[in-house]
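Visitor: After the structure tokens below, expect a handful of questions from me.
The values are calculated or read from the model by the stated rules, or taken from the named source; none is laboratory data. For clarity, every value in this text was computed on a predicted model and none was experimentally measured. Because the Cβ atoms are built from the backbone with ideal geometry, glycine has one as well, and the counts that use them run over all protein chains shown. When the accessible area is computed, the model is the full protein with side chains, heavy atoms only, and any ligands, DNA or RNA have been set aside. Shrake-Rupley method; radii C 1.70, N 1.55, O 1.52, S 1.80 Å.
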Amino acid sequence: MIWDKEQIVHALRKLHRSGAPLSYNALAKKKQALVSAAAYHFGSYRKAVSKAGIDYSAVTRRPRWDKPAIIQLIKQSHRRGEDLHWSAVTTRRDELGKAAFASLQPRLFGSWDRALHAAGLDADEINRYRKWNKDSVLYVLRQRYRDHEPLNSGAIQREDPGLHAAAVRHFSSYDAALRAARIDPDKVRQRRSWTRDDVIRGLKQTQRSGRPLSDSAVRRDHPALYGAAVRLFGSFTSARSSAGIQWKRRGARSTPNAVAGKR
């Protein structure tokens, strides 16, 4: 791989979010090419880490966290009424922020949601009712942009509906929120070009996930997939049949059955 500065920064941030050790020696054992490229492009590995927005001193003296310590911090913050959403805690420079990243380690919880559950909290409720303001909306949008994550309206509504609703509530429209974050809405919009194979793959994935495949359900839950199916196959029923899916109605309910044999 031919590294450039942007790729190096993105890789370091991704490793940091995953809880991987980022000290020079630890990373050199597993990703020597990344360490060498970082030193080459930024003058030193330390400068590359700092450019990625990561405190290098914290990287070199990673605390030894355990589950009880993380749970205790979560419970204390919850009692104080603090925002425990992932995007909120990871902007903190205190012990809770460090504990959040530590919780990602496989030996601990593997994810922040699991850490919340271990502390007796409902992660879904916290994600749904997090406290949004203009600054937090802009921070998350900019963070997603820096990390090359999808920012088109459809992706945000699907992946983080709370963020999308807050953006519209605080900025009147989602595009206005993007512009406030200094992101060009036209550059992040995605217009997928569907093929017949894409439609068939999408229908099979929906079936494997156990979601309803009735005409009305797909039209409601997957409008882009439904539109492409009708456009490319003439009707949704034809697309569903082409995907090898039989849809048998039993009274008011519909049940998908895979056709024998694979396409």
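Visitor: Counting only residues that are touching a helix residue (DSSP H, G or I) at 6+ places or on another chain (Cβ under 9 Å), among the small types (Gly, Ala, Ser) and in a loop (DSSP other than H, G, I, E, B), which one in the stretch 19-43 is surrounded by the fewest Cβ atoms within 10 Å (Cβ to Cβ)?
Guide: Ranking the qualifying residues of the stretch 19-43, first place goes to Ser23.
Visitor: Same structure, new question: Please go through the stretch 144-191 and give me each residue that is closer than 18 Å to Ser87 by Cα and not in a helix (DSSP H, G or I), ordered by number.
Guide: Listed by number, the residues that qualify are Asp147, His148, Glu149, Pro150, Leu151, Asp160, Ala181.
Visitor: Let me ask you something else. Within the stretch 128-174, count every residue that is among the acidic types (Asp, Glu), closer than 25 Å to His78 by Cβ and within 12 Å of the chain's Cα centre (by Cα).
Guide: Qualifying residue count for the region: 2.
Visitor: For residues in the stretch 67-89 being open to solvent by 10 Å² or more (accessible area, probe 1.4 Å) and assigned to a loop (DSSP other than H, G, I, E, B), which is nearest to Arg13 (Cα to Cα)?
Guide: Filtering the stretch 67-89 for residues open to solvent by 10 Å² or more (accessible area, probe 1.4 Å) gives 67-69, 71-73, 75-76, 78-83, 85-88.
So of that shortlist, the ones also assigned to a loop (DSSP other than H, G, I, E, B) come out as 80-83, 85.
Details: Arg80: 30, Gly81: 29, Glu82: 25, Asp83: 23, His85: 19 Å.
In this case the residue turns out to be His85.
Visitor: Output the residue which, of all residues in the stretch 211-230 that are part of a loop (DSSP other than H, G, I, E, B) and within 25 Å of the chain's Cα centre (by Cα), is surrounded by the most Cβ atoms within 10 Å (Cβ to Cβ). Working first, answer last.
Guide: Kept after step one, since they are part of a loop (DSSP other than H, G, I, E, B), are these residues of the stretch 211-230: 211-214, 222.
Those left that are additionally within 25 Å of the chain's Cα centre (by Cα): 211-212, 222.
On the way: Arg211: 13, Pro212: 17, His222: 19.
Looking at the filtered set, the residue picked out is His222.
Visitor: Given the options Trp194, Trp132, name the one that is of a type outside the set (Gly, Ala, Ser), under 30 Å from Lys51 (Cβ atoms), assigned to a loop (DSSP other than H, G, I, E, B) and touching a residue at least 12 places away in the same chain (Cβ under 8 Å).
Guide: Working: Trp194 fails: under 30 Å from Lys51 (Cβ atoms).
The conditions single out Trp132.
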